[in-house]
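Quick one: structure below, then a few questions.
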Amino acid sequence: MAALIAENFRFLSLFFKSKDVMIFNGLVALGTVGSEELFSVVAFNCPCSPARNYIYGLAAIGVPALALFLIGVIWNNHTWNLVAECHKRGIKNFSAAATFLLFGSIMGRATVAPITWSVISLLRGEAYICALSEFVKPSSLDKFPAEYGAEALAKFPCRDVPANLTKFRDEVTRRLRYESQLFGWLLIGIVAVLVFLTKCLKHCCSPLSYRQEAYWAQYRSNEDKLFRRTAEVHSRILAAKNVKQFFGFVALDKEEKELVQEFPVEGVQPSPQWNAITGVYIYRENKGFPLYSRLHKWAKGVEGNGPTPEGHELLFLAS
């Protein structure tokens, strides 16, 4: 138990440090596996009652998957960029293909954890056995006692069954576990094929060469790191100035004093500037030169958000 909890905390630590998409998705999957194992050990307890098994078994698979999906949507930066875009500018400047690409990116990233949860649940089989044991036809079991029905079958996931039904319980459990694991492997195969086809389609439709796409990814990462770091320093210095104005002094440590002396902050950026660099960004060019982000576009003084003769949308979303 302690090992599982430690693995989940280690996952969370790596999760917030990772920026690479593949590493990000891998960490999400590993964290989901650990969480599913912990849930199975601590929380899962089949009621072994007719009509309740089915609801409980499906809920054990579906409800956590739904929660993980919603968390994935919430944690995706594209979600809030889309919200900001709709609030400030609307999505009328995006083509249908660009809109589909955007939603596909959000949904695709958000489905990593719920699919992993569903696959692990199916491979383990407990929830599937709990949900469907009562629906096994007694006639499919050789020499099953006629006096027992769905109520007895519903108790098979638990071990509280009459001695004369033990061999039937083992057979039903083995049969349902086989079906559950088969569905799990099929889901893995379908997802693997879809991921492969999506990656092929993305690279085939990309307007960028492989090297330029790699450069763009490096630029986005560096811009995000520098922006966050600079914003943190800027906000700290501005807060220090305001606190000093209120109290007449401000208690700064040595590092903060050096920051205040080295980087004078005169004021704050006006809202139109924040709005200009906030929102969804799909790769564009202006007079043949690439614009790698909204900040890059603002810095170059390029106006407008939609396709123009000088600056056209190339329908490629930052991953």
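The values are calculated or read from the model by the stated rules, or taken from the named source; none is laboratory data. These figures come from a predicted structure and were not determined experimentally. Note that we place each Cβ from the backbone using ideal geometry, even for glycine, and neighbour counts take in every protein chain shown. We work out accessible area using only protein heavy atoms, side chains counted, and drop any ligands, DNA or RNA first. Shrake-Rupley method; radii C 1.70, N 1.55, O 1.52, S 1.80 Å.
Compute the length gained on full extension between LEU201 and VAL233: take 0.36 nm times their separation in residues and subtract their Cα-Cα distance, giving the result in nm to one decimal.
7.4 nm
Further question on the same structure: Once Rh is set to the Kirkwood radius over Cα pairs, what Stokes-Einstein translational diffusion coefficient, in µm²/s, holds for region 43-205 at a temperature of 4 °C and a viscosity of 1.567 mPa s?
For these conditions, the coefficient is 69 µm²/s.
Sticking with this one: Under 20 °C and 1.002 mPa s, how fast does region 210-300 diffuse according to Stokes-Einstein, given a Kirkwood radius computed over C-alpha pairs? Answer in µm²/s, whole number.
Numbers: Rh = 15.7 Å.
Here the translational diffusion coefficient equals 137 µm²/s.
With r as the distance between the Cβ atoms of ALA299 and VAL250 and R0 = 51 Å, compute the FRET efficiency 1/(1 + (r/R0)^6) and round to 0.05.
Rounded to the nearest 0.05, the efficiency is 0.95.
Quick one: accessible surface of CYS130, probe radius 1.4 Å, all protein chains present, in square angstrom to the nearest 10.
Number for this one is 0 Å².
Explain nothing, just the number: dipole magnitude of region 108-149 about its Cα centre with +1 on each Lys and Arg Cβ and -1 on each Asp and Glu Cβ, in debye rounded to the nearest 20.
Here the size comes out at about 240 debye.
Considering only lysines 8 or more places apart in sequence, or on different chains, count the pairs in region 210-300 whose C-alpha atoms sit under 24 Å apart.
Taking region 210-300 as the scope, the lysine pair count is 10.
Which distance in Å, rounded to a whole number, links the C-alpha centroids of region 219-295 and region 135-171?
Each part's Cα centre sits 67 Å from the other's.
Heavy atoms only, 1.4 Å probe, whole protein assembly: order HIS87, HIS203 by accessible area, highest first.
HIS87, HIS203
Enumerate the calculated ³J(HN,Hα) couplings along region 273-278 in order (Karplus 6.51 cos²θ - 1.76 cosθ + 1.60, θ = phi - 60°), each rounded to whole Hz, writing x wherever the residue is Gly or Pro.
Once rounded to whole Hz, the list reads 5, 4, 5, 5, 9, 10.
Relative contact order for region 210-300: what percent, with Cα pairs under 8 Å and sequence separation of 6 or more?
It comes to 24 percent, rounded to a whole number.
On to the next question. Which value, in Å², gives the accessible area per residue of region 210-300 when a 1.4 Å probe is used on the protein heavy atoms?
71
Here's something else I'd like to know. Among LEU194, LEU208, THR166, pick out the residue whose Cα is farthest towards the positive end of the charge dipole of region 130-208, where Lys and Arg carry +1 and Asp and Glu carry -1 on C-beta, about the Cα centre.
LEU208
Give the accessible area for ILE106 in Å² (nearest 10); use a 1.4 Å probe, count only protein heavy atoms, and leave out ligands, DNA and RNA.
10
Which translational diffusion coefficient, to the nearest whole µm²/s, is obtained for region 134-205 from the Stokes-Einstein equation, given a Kirkwood hydrodynamic radius over C-alpha pairs, 4 °C and 1.567 mPa s?
Value of D from the Cα-based Kirkwood radius: 87 µm²/s.
At 1.4 Å probe size, with no ligands or nucleic acids counted, give the accessible surface of TRP80 in Å², nearest ten.
Answer for TRP80: close to 130 Å² accessible.
Can you work out the FRET efficiency for the pair GLN261 and LYS225, with r the C-beta to C-beta distance and R0 = 30 Å, to the nearest 0.05?
That gives a FRET efficiency of 0.80.
Now, a different point. Amide H of ILE282: which non-local residues (sequence gap of 5 or more, or other chain) have their own amide H closer than 5 Å, using H built in the peptide plane?
none
Report in % the part of the accessible area of region 183-276 that belongs to carbon and sulfur, leaving out ligands and nucleic acids; probe 1.4 Å. Can you show the working numbers first?
On the way: 4770 of 7410 Å².
For region 183-276, the apolar C and S fraction of the accessible surface comes to 64 percent.
For VAL73 paired with TYR210, estimate the spin-label separation in nm (one decimal), with each label point 7 Å from Cα along the Cα-to-Cβ line.
About 3.6 nm, to one decimal.
Sticking with this one: Using a 1.4 angstrom probe on the protein heavy atoms only, could you order SER271, SER139, SER49 from most to least accessible area?
Details: SER271 75, SER139 110, SER49 30 Å².
Descending order: SER139, SER271, SER49.
Another one. At R0 = 25 Å, how high is the FRET efficiency between ILE55 and VAL83 if r is their beta carbon distance? Nearest 0.05 is fine.
So, using R0 = 25 Å, E works out to roughly 0.15.
How much length would be gained if the chain were fully extended between CYS158 and GLU171, taking 0.36 nm per residue of separation minus their Cα-Cα distance, in nm to one decimal?
3.3 nm
Straight-line reach from LYS199: which lysines fall under 20 Å, measuring Cα to Cα and dropping same-chain residues less than 8 apart?
LYS19
Using a 1.4 Å probe, what is the accessible area per residue for region 43-205, in Å²?
57
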